[in-house]
1. How many residues does segment 108-141 contain that are touching a residue at least 24 places away in the same chain (Cβ under 8 Å) and open to solvent by 70 Å² or more (accessible area, probe 1.4 Å)?
2. Is it the case, given these coordinates, that Asp69 is open to solvent by 30 Å² or more (accessible area, probe 1.4 Å) and assigned to a strand (DSSP E or B)?
3. Exactly one condition in (1) surrounded by 12 or more Cβ atoms within 10 Å (Cβ to Cβ); (2) more than 18 Å from the chain's Cα centre (by Cα); (3) among the hydrophobic types (A, V, I, L, M, F, W, C) is false for Trp105; which is it?
4. Checking Asn163 against (1) surrounded by fewer than 19 Cβ atoms within 10 Å (Cβ to Cβ); (2) part of a strand (DSSP E or B): exactly one of these is not met. Which one?
5. I'd like the full set of residues that are open to solvent by less than 80 Å² (accessible area, probe 1.4 Å), part of a loop (DSSP other than H, G, I, E, B) and not polar (S, T, N, Q), limited to segment 80-102.
6. Scan segment 107-130 for residues that are of a type in the set (Gly, Ala, Ser) and part of a strand (DSSP E or B) and jot them down.
7. Please specify each residue of segment 50-66 satisfying the condition of being buried (at least 16 other Cβ atoms within 10 Å of the Cβ) and among the basic types (Lys, Arg).
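The values are calculated or read from the model by the stated rules, or taken from the named source; none is laboratory data. In this text the structure is predicted, and so the values were computed from the model without any measurement. Backbone-built Cβ (ideal geometry, glycine too); neighbour counts: all protein chains shown. Accessible surface is based on the protein model in full, side chains and every heavy atom, while ligands, DNA and RNA are left aside. Shrake-Rupley method; radii C 1.70, N 1.55, O 1.52, S 1.80 Å.
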Amino acid sequence: WYTPAAIAYGVGAATMPKPDPAAQALWREIGLLGAEVRTAGPALMTACPVEVPVEAPKNLWVRFLADGDVTLVLLVVNDQYVNTDKGTDLTPVKDASVTVRLPNWMKPAETFEITSAGTQPLAARASASGLRIPLGDFDVTKLIVITADPKLRARLQGYYETNVTADPTPQSP
């Protein structure tokens, strides 16, 4: 949290007697990001980095994690940003998609996105070049799951409903 020529309170500035609106907005975004990561937690805890061939626009950074031999987690990041002392300038991605060349042993049952509001289905389509995954428009990141486990999405959504939304308001540090 950048504060030019002043005392830096970090996200704690959101809890000051006169809260900084920008710090409050940042604290909210941190909470939303936390909801996404917590929802994905059961798959992330046992996953490891893996290289998978992918076709993606040059402005996207794409990496994979494998959870056993049934699930791939895609991390997609918009690489169109510039950080300055005034903040971050970001160019949103419009109507993006990626095509993933799945390992021969993986036969996906479902592809979905994990968001701060839980899991959302994605209409991925198999083609000769791989699994085409529509990402739509986005600002910063996408967290996508490709799985051969037909029950994974329901389990993660249940985890979200039980463990993540139980206390939807982030508490101050």
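1. Of the residues in segment 108-141, 5 are touching a residue at least 24 places away in the same chain (Cβ under 8 Å) and open to solvent by 70 Å² or more (accessible area, probe 1.4 Å).
2. So Asp69 fails the test.
3. Every condition holds for Trp105 apart from (1).
4. (2)
5. Pro92, Leu102, listed by residue number.
6. Of everything in segment 107-130, those that are of a type in the set (Gly, Ala, Ser) and part of a strand (DSSP E or B) turn out to be Gly118, Ala126, Ser127, Gly130.
7. none
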